[in-house]
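Each remark here refers to the structure printed beneath this line.
The values are calculated or read from the model by the stated rules, or taken from the named source; none is laboratory data. Note that the structure is a prediction, hence the values are computed from the model and not measured. FYI the Cβ positions are ideal-geometry reconstructions off the backbone, even for glycines, and counts take in every protein chain you see. Surface accessibility is based on the protein's heavy atoms, side chains included, excluding ligands, DNA and RNA. Shrake-Rupley method; radii C 1.70, N 1.55, O 1.52, S 1.80 Å.
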Amino acid sequence: QCLYQFLAFVPPSNGSLRKPSTAAVMVDTQHPLTLLLNSSVGDREFCKIQYHFGEFGNYSLVVKTLSTSTKTVSCDLVINEDPINSYLPILFAFLVYMGILAILIVGHLFMKIDPVRNWVYKKLNPRETDRLINSELGSPNTTDSISSDPTRRLWSTTSRQRLRSLDTFRGLSLIIMVFVNYGGGKYWFFKHESWNGKPYFPSAVFYRFVFIMGTSISLSLSSMLKWGSSKWKVLGKIVWRSFLLILLGIIVVNPNYCLGPLSWDNLRIPGVLQRLGFTYLVVAALELLFTRAGAESGTLETPCPVLQDILPYWPQWIFILMLEVIWLCLTFLLPVPGCPRGYLGPGGIGDFGNYPNCTGGAAGYIDRLLLGEKHIYQHPSSSVVYQTTMPYDPEGILGTINTIFMAFLGLQAGKIILFYKDQHKKIMSRFVIWSIVMGIISAILTKCSKEEGFIPINKNLWSISYVTTMSCFAFILLTLIYYIVDVKRLWSGAPFFYPGMNSILVYIGHEVFENYFPFKWKMEDSQSHAEHLTQNLTATTLWVIISYVLYRRRIFWKI
């Protein structure tokens, strides 16, 4: 429903020279385009052609007059030069990484040979790191080394090993985020979705971070309270950690640095770390406030044992439902000047250009009203396709409500792990049930369509359908990783496990050193997918290596 945009004017041909007139233009290859040819006199429509052009292809749209009396014309699309296969660099990169994986597997097999293993261990002198990584704000311990302390010995008999699947899940999400933030090889599917629709790779990463953060909250708070920490002490740690995340997001990881030195005039207030920090504060405080003694151990009686991980926490669900009611009321009932009530569109030339300054509807209006236009994101993804001119922040105020809901669903996953200790089938079946429930809700909200549902999937708005859809996928992914890594132990989680152990350091580090060598260098051909992909994969791989070295040296940055 985009308004047609002027592309080119073709002057009249010189009939005496029998030479056709021409006009050369460049067109986008990300989406199929509709070309409309009109007469310059009377604006009469001659022809309309829809076509998906390929990268670096050369095409001619040949227009001929068939009859001067009836003024009929023919429009034929001719391929002068075939487009390139832009996916070959991805195939080559895949083969390279598969080769590296094969070498590592062979090395692992050699390590099973006693003389080889003994020699390598003697050279490397590896040290135990498990005790350090099981810190208070990490995932729960599931086996600690037995100390002489009788209380610790008692605890060790009932505890289990740290769930590597959670760190693997977090690390996988982080590494994809780093690769995408570095450019993703300049492929369109590694960019953010312009507006509505199932998110591409980058938009489908942040939600996993939020989800697994909620899971870790449940496990870490349970661990701290079992160790005897008071609720006030734990609350102090929650507030301090949230403050640091928000501060780091505003001062260190701020995209408005590209506009020049930061000042209050152009300081972006919302952001990824800011939203993570506030979400962590709300969800962790909610869990701390309503946690009940005996609930996780199963000693607390509930009228419905099947819902023993839900019913004891009914105040939390009421709070979350109240937040969702607030989101729905503000989104669909708040009057926005110059915009239809309940508008969820991108503005700009979208919706036939009827609402050019209504980007994001109520969500955008609230941010501009409370924060000011200069303190939010200046280059939203909608500006590329829909040519929006209004600033819009995808990490704005209103969308934070649904981010809290997403983290709360991750919190529920953590409770399932705690309630059904060592009962792998029950844990995975609960994950699958939650995935199905979220999928059904998404199907109802969206009517299984991109644009025609009650509430479309939209990452920019963090719509409720986006949360239910992404949580559906999150539960499925967590089930698979949990089964492979922690149940069957078919995979250690490497290499994603290592950045998952140092997620804050890797995320902030990749943002700070983004434009420094060896993470970035001057390219010979800036239009080459191969060069961009090489650079972006090299930078991402370097952060994996850095996280591995830090892991080996027992260096973990936690806040």
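A few notes on this one:
- Anisotropy class of the chain from Cα gyration tensor, a/c 1.5 cut: prolate
- From helices alone, the chain scores -16000 deg cm²/dmol at 222 nm; the rule is -39500 (n - 2.57) for each run of n ≥ 4 DSSP H residues, then divide by the residue total.
- Each of 24, 9, 84 was scored by the projection of its Cα onto the charge dipole of the stretch 1-84, and the greatest displacement toward the positive side belongs to 9; charges sit on the C-beta of Lys, Arg, Asp and Glu.
- Using only the C-alpha atoms, the convex hull of the stretch 402-451 corresponds to 71 Å³ per residue.
- Carbon-plus-sulfur accessible fraction, the stretch 347-410 (probe radius 1.4 Å, protein heavy atoms only): 56%.
- Average accessible surface area per residue within the chain, 1.4 Å rolling probe, Å²: 52 Å²
- The mean sequence separation of alpha-carbon pairs under 8 Å and at least six residues apart, normalised by the residue count of the chain, gives a relative contact order of 17 percent.
- The distance between label points at residue 94 and residue 522 comes to 3.5 nm (points 7 Å beyond Cα on the Cα→Cβ vector).
- For the stretch 489-559, taking Cα atoms only, Rg and Dmax work out to 14.2, 45 Å respectively.
- Computed with a 1.4 Å probe on the full set of protein chains, the accessible area for residue 503 sits at about 20 Å².
- When the C-alpha to C-alpha distance is required to be over 31 Å, the pairs from 122/425; 415/488; 237/450; 374/459; 447/488; 19/71 that qualify are 122/425; 237/450; 447/488.
- Selection from 449, 409, 263 lying farthest towards where the dipole of the chain points positive, charges on Cβ: 409
- With all protein chains modelled, accessible area of residue 521 [1.4 Å, Å²]: 90 Å²
- Gain on full extension, evaluated as 0.36 nm per residue between residue 290 and residue 448 minus their Cα-Cα distance, stands at 53.3 nm.
- When the solvent-accessible area of the stretch 1-84 is split by element, carbon and sulfur atoms take up 53 percent of it, the probe being 1.4 Å.
- Taking all protein chains together and rolling a 1.4 Å probe, residue 31 ends up with roughly 50 Å² accessible.
- Shown are 73, 512, whose ranking by accessible area with a 1.4 Å probe and every protein chain present, most to least, is 512, 73.
- The stretch 425-559 - percent of accessible surface contributed by carbon and sulfur, probe 1.4 Å: 65 percent
- For residue 522, a cut-off of 25 angstrom between C-alpha atoms picks up these lysines, skipping any fewer than 8 places away in its own chain: 186, 191.
- Near the amide H of residue 38, within less than 5 Å, lie the amide hydrogens of 46, all on another chain or at least 5 residues away, with H placed in the peptide plane.
- A Förster distance of 30 Å, applied to the separation of the beta-carbon atoms of residue 333 and residue 436, puts the FRET efficiency at 0.45.
- Potential lengthening between residue 384 and residue 538 on full extension [0.36 nm per residue; Cα-Cα distance subtracted]: 52.7 nm
- With every protein chain in place and a 1.4 angstrom probe, the accessible-area ranking of 9, 419, largest first, reads 9, 419.
- A Förster radius of 41 Å, combined with the Cβ-Cβ distance separating residue 235 from residue 487, puts the computed FRET efficiency at roughly 0.75.
- Nearest-0.05 FRET efficiency for residue 326 and residue 226, computed from C-beta distance (R0 41 Å): 0.75
- Relative to the Cα centre, the charge distribution of the stretch 1-84, modelled as +1 at Lys and Arg Cβ and -1 at Asp and Glu Cβ, gives a dipole magnitude of about 480 debye.
- Dimensionless Rg/Rh of the stretch 1-84 - Kirkwood Rh, Rg from C-alpha atoms: 0.97
- Going by accessible surface with a 1.4 Å probe and the largest first, 557, 317 read 557, 317.
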